[in-house]
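All of the numbers you see were taken from the coordinates with simple rules; none came from a lab. The shown structure was predicted, so the numbers you read here are calculated from the model rather than taken from an experiment. Here the Cβ positions follow ideal geometry from the backbone for every residue, glycine too, while neighbour counts run over all protein chains shown.
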Amino acid sequence: MSEAKTATAQNELIPGTTKDVLVRVQNLKKYFPIRRGVLRRQVGAVQAVDGVSFEIRRGETLGLVGESGCGKSTTGRTILQLEKPTGGQVFFGDQELTNMSSSELRKARRHMQMIFQDPYASLNPRMTVGNIISEPLEIHNIGNAASRKERVQELLRLVGLNPYFINRYPHEFSGGQRQRIGIARALATNPSFIVADEPISALDVSIQAQVVNLLEDLKQELGLTYLFIAHDLSMVRYISDRVAVMYLGRIVEMGHRDEVYDHPLHPYTQALLSAIPIPDPDKEARRKRIILEGDVPSPANPPAACRFHTRCSYATDICREVDPEFRNFGTDSREHWVACHHAEKFND
Amino acid sequence: MTTEISQETILSRTSWLKRLTNGLRILYASPATAVGTTIFILFVLMALFGPMLAPYGFNEQIYTDARQPPSPTHWFGTDNLGRDVFSRVVLGARDILRLSGLGTILAVISGTTFGLVSGYWGGLFDEILMRIFDSLLAMPALLLALLLLGTLGPSENSVLVVILIVYTPIVARVVRSVVLSVKTRAFVEAARLQGESLGRILFREILPSVLPALTVEAALRFSYAIFLVASLGFLGVGVQPPNPNWGLMVSEARQNVSQLPWALYFPAGAIAVVVIGVNLMADGLKRILQAGD
């Protein structure tokens with residue numbers, strides 16, 4: 001409980017974060033160049049993220065879903081400046097991350113952390129758990145050796161591990177335990193914002209629930225804000241306050257989780273949600289699946305206008321010619337944004 | 001969770017002495033590696049305590065006993081100047097192991113630094129450096145060594161510089177290849193995300209993963225360096241007489257090989273035995289360290 005208090009106190013110390021919005025992303029773009037030939041000339045670009053805008057409010061969890069390769073992980077990584085964005089801006093509080101010098105960015109990093117997908121690759125196999133977790137503390141010059149050790153043990157206890165494990169190596173732990181170590185490392189500097197990049201997809205189903213519940217508890221206790229990236233739709237509904245659906249580098253639908261899940265307005269979201277199995281054999285047998293035609297187009301050469309028109313059964317001429325605007329069909333408290341020309345059709 | 005394990009056993013770290021004995025026990029598990037390691041340890045002891053073991057000085061001429069075959073008084077016989085071959089072989093160990101060891105350490109330090117930076121940065125720097133190293137590797141080591149010694153003049157320091165320049169590219173390539181496979185792993189990204197500096201990422205996060213391959217390569221380079229130092233001595237461009245360098249001894253004994261074969265066989269044998277020994281040890285290290293990954 002004392003941790004919760006210090007965490008909120010820490011958050012209030014970040015300058016300019018009195019407003020509700022913690023992270024603001026504006027028209028974010030990340031293109032990866034494709035180079036060919038001896039001279040390595042650029043012949044094209046993979047448009048992994050192409051004009052994404054959204055806000056994450058303090059204390060909320062924004063779920064980001066989409067199929068593999070739609071750019072959701074790249075979005076998370078670009079927000080944290082692990083990848084240099086091709087265009088657009090990212091604000092953290094009122095600081096703009098996208099134009100910071102590397103030393104400013106290094107200082108800002110203690111307020112935002114990431115939980116990685118693969119708990120086997122994200123922990124240095126040749127460092128002890130204690131060293132892994134105290135690393136961020138050392139870098140940001142927090143405390144002395146003794147207080148750091150205390151903090152590491154406190155963090156281990158916080159994520160449900162034995163605090164005496166500090167001299168063990170990652171290979172001595174199971175996948176779920178390793179992910180807990182990754183979470184402890186992310187929490188070491190008392191960050192206010194955490195990007196969880198598919199934190200459970202590499203874990204067994206029984207462990208997934210444990211880790212998700214841990215993330216939920218930590219959020220309550222420490223007042224964290226999450227960007228939760230995943231492709232497990234039911235898990236995202238469980239943990240998120242709002243959900244954004246991505247397709248080919250763009251957000252096609254975003255809003256309150258119940259709005260998006262119960263009344264999906266974008267044909268892509270409808271298809272995506274129809275793929276969730278229902279844990280009831282009778283209902284499951286009657287579940288109608290929307291099967292999309294064809295494959296996802298290459299992000300190196302995405303379709304013009306509405307990116308979904310090549311696979312959409314409702315597509316008309318306007319979809320092939322005009323990029324759909326993002327329109328709000330919800331209310332102020334339960335917003336529901338969608339980028340589809342035909343959204344009215346589904347809004348009953 | 002494992003409450004039966006006491007706090008002390010979990011918190012205690014294995015001491016370096018325990019780790020050393022553990023390492024030796026693993027090395028001695030295979031016969032070939034055991035032989036190699038024993039040979040290496042014996043030669044190191046010989047290098048350290050040579051002056052106590054050798055019955056005569058390396059340059060001490062016993063005129064009455066010149067050109068003697070091996071006997072209880074002169075185990076390896078004497079050469080045509082009346083010098084005790086056994087003493088010279090024993091005393092020569094220090095010289096050759098010191099030069100090749102020091103040279104290898106220098107090459108490992110510079111090769112590791114170049115390999116880490118080049119592999120991590122990539123891009124144009126990596127491209128240019130690797131082409132320079134390629135052109136160095138294209139030349140046979142001995143030819144390159146002769147070329148360098150011709151410019152620098154024969155001295156111990158020149159021999160060190162030669163080992164440094166000849167082996168830096170090889171070590172750098174080994175290190176670089178490991179860095180390329182490690183740098184894309186998420187823990188390096190996590191380190192960047194925590195705001196770690198370049199030096200810290202290279203030496204604290206990546207270097208430990210390079211160490212197994214680097215240790216094997218260093219042991220292998222060491223055995224080749226011994227051979228190179230001996231070759232340079234034999235060619236007369238490295239260390240100069242009357243130094244008891246084994247290569248130099250072989251070269252001096254060459255003229256009288258039909259009458260005094262022992263003066264040639266024993267130093268040549270010493271070179272062969274230590275090179276084979278270190279090689280066997282390197283092989284064992286490779287099996288142990290790289291199987292673990």
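Can you give the longest run of chain B that contains no GluC sites (Glu not before Pro) sitting in a DSSP loop with at most 15 other Cβ atoms inside 10 Å?
Values: sites that count: B:Glu4, B:Glu60.
Longest site-free region, per DSSP loop and neighbour criteria: B:61-293.
Translational diffusion coefficient, Stokes-Einstein: compute it for the protein assembly as shown using the Kirkwood radius over C-alpha pairs as Rh, at 10 °C and 1.306 mPa s, and state it as an integer in µm² s⁻¹. Working shown, then result.
Numbers: Rh = 29.5 Å.
Answer from the Stokes-Einstein relation: 54 µm²/s.
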So how far, in whole Å, is the C-alpha centre of region B:158-203 from the one of region A:28-74? 29
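Where in chain B are the DSSP H helices whose C-alpha atoms run 24 Å or more along the long axis and whose mean Kyte hydropathy is at least 0.5? Write down the numbers at each step before the final one.
On the way: long enough: B:31-53 (31 Å, 1.92); B:85-121 (52 Å, 1.07); B:156-182 (38 Å, 1.73); B:207-235 (39 Å, 1.56); B:261-291 (44 Å, 1.15).
The qualifying helices are B:31-53, B:85-121, B:156-182, B:207-235, B:261-291.
Anything over 22 Å Cα to Cα? Flag those among A:Lys72/A:Lys288; A:Lys30/A:Lys219; A:Lys29/A:Lys72, in the order listed. Mind showing how you got there, number by number?
On the way: A:Lys72/A:Lys288 27 Å; A:Lys30/A:Lys219 29 Å; A:Lys29/A:Lys72 12 Å.
In this structure, A:Lys72/A:Lys288; A:Lys30/A:Lys219 lie more than 22 Å apart at Cα.
How big is the Rg/Rh ratio for region A:240-296, C-alpha atoms only, Rh by Kirkwood, two decimals?
Numbers: Rg = 12.5 Å, Rh = 12.5 Å.
When Rh is taken as the Kirkwood radius, the ratio is 1.00.
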When a footprinting reagent is the concern and you count Cβ atoms within 10 Å, what order do A:Asp241, B:Asp84 take, fewest first? A:Asp241, B:Asp84
Relative contact order (percent) for chain B, with alpha-carbon contacts under 8 angstrom and 6 or more residues of separation? 24
Hey, got the dipole for chain B? About the Cα centre, +1 on K and R Cβ, -1 on D and E Cβ, debye to the nearest 20? 340
Efficiency by 1/(1 + (r/R0)^6): what FRET value for A:Asn328 and B:Leu137, r their Cβ-Cβ distance, R0 = 60 Å, to the nearest 0.05? 0.40
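With a ≥ b ≥ c the root eigenvalues of the C-alpha gyration tensor of region A:162-233, is it rounded (a/c under 1.5), prolate (a/b larger than b/c) or oblate?
Details: a/c = 1.91, a/b = 1.16, b/c = 1.66.
Cα axes put region A:162-233 in the oblate bin.
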Can you compute the FRET efficiency between B:Trp121 and A:Glu293 using 1/(1 + (r/R0)^6), with r the Cβ-Cβ distance and R0 = 45 Å? Round to the nearest 0.05. 0.50
Starting from the Cα gyration tensor of chain B, take the square roots of the eigenvalues, sort them a ≥ b ≥ c, and report rounded, prolate or oblate (rounded when a/c is under 1.5, otherwise prolate if a/b is larger than b/c, else oblate). oblate
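What value, in deg cm²/dmol to 500, does the helix sum -39500 (n - 2.57) over DSSP H runs of n ≥ 4 give at 222 nm once divided by the residues of chain A?
Theoretical 222 nm ellipticity from helices: -9500 deg cm²/dmol.
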With a cut-off of 8 Å between alpha carbons and a minimum separation of six or more residues, what is the relative contact order of region A:199-321 in percent? 15
Over chain B, the sum of -39500 (n - 2.57) across DSSP H runs of at least four, divided by residue number and rounded to 500 deg cm²/dmol, gives at 222 nm -24000 deg cm²/dmol
Exposure proxy check on A:Ser274, A:Ser147, B:Ser158: fewest-to-most Cβ neighbours within 10 Å is A:Ser147, A:Ser274, B:Ser158
What residue among A:Ser313, A:Ser192, A:Ser333 has the largest mean-square fluctuation in a Gaussian network model of chain A, using Cα springs under 10 Å? A:Ser333
So, over other residues within a Cβ distance under 9 Å of A:Pro297, counting Lys, Arg +1 and Asp, Glu -1, the net charge is +1
Would you tally the net charge around B:Gly238, using a Cβ to Cβ cut-off of less than 11 Å, leaving B:Gly238 out, and scoring K and R as +1, D and E as -1? -2
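Within region A:293-334, which GluC sites (Glu not before Pro) sit in a loop by DSSP and count at most 15 neighbouring Cβ atoms inside 10 Å?
Values: sites: A:Glu293, A:Glu321, A:Glu325; in loops: A:Glu293, A:Glu325.
Within region A:293-334, the qualifying GluC sites (Glu not before Pro) (loop, at most 15 other Cβ atoms within 10 Å) are A:Glu293, A:Glu325.
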Could you work out the pair-distance distribution P(r) of chain A from its alpha-carbon pairs, with 20 angstrom bin width and percents rounded to whole numbers? 28, 56, 16, 0
Determine the gain in length on full extension of the stretch B:Ser258-B:Leu20; use 0.36 nm per residue of separation and subtract their C-alpha separation, reporting nm with one decimal. 81.0 nm
